[in-house]
Amino acid sequence: MQLAPGHRVLTWRRLLLAAAAGLVVLSLGQAILRGDREALARAVVIVLGLVLLRRGTGVFGAVFLSLVFGDFLVWTTWAAMNNLRHGEESEDVTLPAVLSLSGLIACWAVIVRRRPPQAGGPAVA
């Protein structure tokens, strides 16, 4: 399948980057608008995971981000259930939950679908 010039294929790694960037933006917004220190810490941890993703093969960063996404998904789902149970709207947690789930799936795919080392490249000990 040929792509038109300038179009890129959506890969698992790009989905992971997009989900992480989305959560960073949402977390920073919450930190700024509501003065939430936990949201600021979450944004910093996600950025640290993105830095780790760029080092070496990126497996450690993907594992790190999968733990962050998984933790966030569990607590976001818990918050959504509590909001619904108390008659509140769940808009505040729907987008972060979707980003966390897509990021978690993308992390697993990045880990599973790693490319084998290239011939002539650095040796793996």
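Every number here is computed from the coordinates shown, using simple stated rules; none is lab data. None of the values given here were measured: they were computed from a predicted structure. When we count neighbours, we look across all protein chains shown, and the Cβ atoms used for this are built from the backbone with ideal geometry, even at glycine.
Given a Förster distance of 25 Å, report the FRET efficiency between LEU33 and LEU67 from their Cβ-Cβ distance, rounded to the nearest 0.05.
Numbers: r = 27 Å, r/R0 = 1.07.
FRET efficiency, LEU33 to LEU67: 0.40.
Return the equivalent ellipsoid semi-axes of the range 16-112 as a descending list in whole Å, where each equals the square root of 5 times an eigenvalue of the C-alpha gyration tensor.
25, 15, 9
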